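Single-structure report; data block below.
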Amino acid sequence: MEVLEQNRLEIVQEYIKKAMDYPRYSELVRQLAKIGKSTGPNQSEAMANYTKLGDRRMARWDKTFKIPEDIQQKLKTHDKELVFLALTESWCGDAAASLPIINKVAEASPNIALKVVLRDESLDLMDAFLTNGARSIPKVIVLDKANNEIVGEWGPRPSIATQMVEGCKKEHGKLTDEFKQELQVWYNKNKGQNILEDLLKLLALE
């Protein structure tokens, strides 16, 4: 195994040991939203408001997202023991839309565990899994426990949203406020289906 890959593996294993499960993360976001704070060093009013918004979105997806019965059966029989290690922060809009779906997938399989760490407390891990050189979140790293190897990554957005973002950057050189609104509308209309499709491809179930 290459030295770089071995280092990445060791960092992932270390963070899995101290990571939160999803209910604990969800409760952390809920409590921060109540007191007007956020995770991370930037405790601005804007970040606190994003956390409140994220809390509401997560609660909605937790309640409404359902995995179709046929896919649930596939996930039940998925026999590889995997850990999804997710990097996130409470203020991240993409994470609020994605983590509840990822959690439902993990819950549907007896062999998949979702673990969550905060990006700004885990920069050595984050820097080992950059997206185009950026510390973009959410980022999910997939560890195969039996074979002790990293077998996949996902994030920071589902595949269709990634194409939308690239199109906006190409046209405007940045993500405009209008586009950010459009993106949230897309998440709501798509109802988690693209995230589910991406994860099933990652697990070779589609």
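Rule-based calculations on the coordinates, nothing more; no lab input. It should be emphasised that the depicted structure is a prediction, and the values quoted were computed from it without experimental measurement. FYI the Cβ positions are ideal-geometry reconstructions off the backbone, even for glycines, and counts take in every protein chain you see.
Things worth noting here:
- Test: residue in the range 67-75 that is over 25 Å from Glu149 (Cβ atoms) and either hydrophobic (A, V, I, L, M, F, W, C) or in contact with a Cys (Cβ under 8 Å, 6 or more places away or on another chain) (or both): yes
- Checking Ala46 against (1) under 19 Å from Leu118 (Cα atoms); (2) surrounded by 13 or more Cβ atoms within 10 Å (Cβ to Cβ), the condition it does not meet: (2)
- Filter result for the condition that a residue is out of contact with any Ser or Thr (no Cβ under 6 Å at 6 or more places or on another chain) and surrounded by 23 or more Cβ atoms within 10 Å (Cβ to Cβ), over Asn103, Asn111: Asn103
- Each residue in the range 107-125 was checked for being among the basic types (Lys, Arg) and not in a strand (DSSP E or B), and 1 of them qualify.
- The range 16-34 residues that are basic (Lys, Arg), paired with ones that are surrounded by 19 or more Cβ atoms within 10 Å (Cβ to Cβ) and assigned to a helix (DSSP H, G or I) (beta carbon under 8 Å, 6 or more apart): Arg30/Asp55
- When the helices (runs of 4 or more DSSP H) confined to the range 19-106 are screened for residues that are within 13 Å of the chain's Cα centre (by Cα) and either closer than 24 Å to Gln184 by Cα or β-branched (Val, Ile, Thr) (or both), those reaching at least 3 such residues are found at 22-35.
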